[in-house]
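As structure tokens, the structure follows; a few thoughts come after it.
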């Protein structure tokens, strides 16, 4: 039964690949509305990013996520969630004074995932990561992500 | 023949309407108070619309009350302003063809002066441009045309026919705007000796929309730029502030002017966020009146992007104006109150994005008003670009990002302004922070590390001089605070230039 199913899938894919291509390119389907996703849990995090957004109207409460770059390399991203909900990302970053850049993405009512324009992105800044402490970075967007504020606090590690 | 030329003598008994003595409109009657309870009825047969007035001269021992009734014997107006020996005047009674009765009576039960005659003088005039009593309530409001003039009196001082024994005299007028569209209504009430007027505007639901009470006793009153949406109807109420104050000898002129709204002036009432006047042109005029008036203007940004708003407010004689920027919900952003009385206010370069904002103009003390002295509010919205300060940057949380090697131009304004910038040093080196001088400001630069611990601070020797810091810095993020040494120092005209360089 399983073998025959696999055979059917293989035959179908062969049909698709060998079918003559239409001169008119097919309209891509609209992007699927992503479900709210949780960022993967990290053991003993030393960096916690909390992102929140003030949404002016219920209609503006779309979905968004935030990527984290350290020294230019992406090290993680928050889960996709409603703008009005707090999104939290826990990371284990190397100890030291690290340049952290946040990159905010959102899904407009029509179209694909869009990176927030550069002038509206949070500013890059160094964050000192130390043993025994957890750095908490609070990013808050307001005025429909048109402005943001960044605050950093430090608390003793639970471990 | 002779009798026709002289006064009409009362024909006793004339104690009831059936026995009333006929009196021609505009004629004089002569009579006597034969007993304390004597009532003299005079019948007027009017053939045209008009305004009727009557005056009875006081005589010894008699406390006159003068009243007028319609043909159904409904009392229209009653005057009793004086005591024994005093005159009584009934003014501005609007009449139409038909029968009316003037009734003379006495309140002094001990009067005994049957021998002395009184004189009752009537006057009949065209109703054009005249107040027509009774117009003492919203229901009885006298229709008036926008753009016309009405002449009337604050008289009598009391409304004796009201259920409220304390009710003062008031004159109501209704105005209908038939044409659709937006209009501005200007209303002026001339001055009348002894009277402090109050002018109010109501909608047809009885909600008070505006009150003008800027003038004092013997002064006029004005409402300017009152916004009217046509077609529509509203009511004006004019009264004396003090119930015992009136003037039968001097009339008021109530003048109105209806103009098509062109967006160049405020659209009163604009006293709250919900009624804000759309501010779409580059400048707009308004006036602070009555005392405590707040004028809200809505600035809308429809396009995405970052913009800087500059707003200039002219000075007004005798007033210290304050300009405030508020967000779409009416929450306060900055306040421009840099200058004093009669001086302009400037809001320099506040960062805005797509959305609605409000500029609010008010007078600082809340006690001054002058509808004849308008202010001009000017706005300029420019696209923000790198190298320009982005307010708000008053705290470390909203510090403006700056790259080493770049410079930024900004203002030390409004009063108490502090500007935070943040930059990253990716390689250890000597960093120079340089700030140009600005007239009237002695600036202070303070450098903080990324934990916001102060590393260095430097002040200009005196106002207008530059200031700089040079410091060996490790890799990391640094914040800089720029502010005047004295929070009262500010400069809305000249920008500073701040540069971060690495050697």
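The values are calculated or read from the model by the stated rules, or taken from the named source; none is laboratory data. Keep in mind that what you see is a predicted model, and the values were worked out from it rather than measured. Positions of Cβ are generated from backbone atoms using ideal geometry, with glycine treated the same way; all protein chains shown enter the neighbour counts.
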How about the range A:73-108: which of its residues are within 21 Å of residue A:55 (Cβ to Cβ) and within 14 Å of chain B (Cβ to nearest Cβ)?
A:102, A:106, A:108
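Going by what's in this entry, would residue A:45 be described as touching a residue at least 40 places away in the same chain (Cβ under 8 Å), part of a loop (DSSP other than H, G, I, E, B), within 25 Å of residue A:146 (Cβ to Cβ) and over 17 Å from the mean Cα position of the chain (by Cα)?
Values: touching a residue at least 40 places away in the same chain (Cβ under 8 Å): yes; part of a loop (DSSP other than H, G, I, E, B): yes; within 25 Å of residue A:146 (Cβ to Cβ): no; over 17 Å from the mean Cα position of the chain (by Cα): yes.
No, not satisfied.
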Selection count where residues are in contact with a helix residue (DSSP H, G or I) (Cβ under 6 Å, 6 or more places away or on another chain) and either assigned to a loop (DSSP other than H, G, I, E, B) or over 24 Å from residue B:86 (Cβ atoms) (or both), scope the range B:6-59:
1
Residues in the range B:96-125 that are assigned to a loop (DSSP other than H, G, I, E, B) and either surrounded by 15 or more Cβ atoms within 10 Å (Cβ to Cβ) or not assigned by TED's automatic domain parsing to the domain that holds residue B:16 (or both): how many?
3
Given the condition buried (at least 18 other Cβ atoms within 10 Å of the Cβ), within 14 Å of chain B (Cβ to nearest Cβ) and on the phi > 0 side of the Ramachandran plot, answer yes or no: does some residue in the range A:145-155 qualify?
yes
Looking only at the range B:336-361, count how many residues are modelled with pLDDT of 90 or more and within 14 Å of chain A (Cβ to nearest Cβ).
5
Wholly within the range B:375-492, which strands (runs of 3 or more DSSP E) include no fewer than the required count, namely at least 2 residues that are within 14 Å of another protein chain (Cβ to nearest Cβ)?
B:419-425, B:476-484
In the range B:461-485, which residues are surrounded by 17 or more Cβ atoms within 10 Å (Cβ to Cβ) and either modelled with pLDDT of 95 or more or under 22 Å from residue A:127 (Cβ atoms) (or both)?
B:467, B:469, B:473, B:476, B:477, B:478, B:479, B:480, B:481, B:482, B:483, B:484
Look through the range B:170-217, keep the residues that are modelled with pLDDT under 95 and part of a loop (DSSP other than H, G, I, E, B), and return whichever of them is farthest from residue B:262 (Cα to Cα).
B:216
Give the residue, chosen from B:441, B:404, that is within 18 Å of residue B:465 (Cα to Cα) and touching a residue at least 40 places away in the same chain (Cβ under 8 Å).
B:441
Qualifying residue in the range B:30-42 (condition: modelled with pLDDT under 95 and closer than 27 Å to residue B:170 by Cα):
no
Answer yes or no as to whether residue B:364 is more than 14 Å from every other protein chain (Cβ to nearest Cβ), under 38 Å from the mean Cα position of the chain (by Cα), crowded, with 18+ Cβ neighbours inside 10 Å and within 30 Å of residue B:216 (Cα to Cα).
no
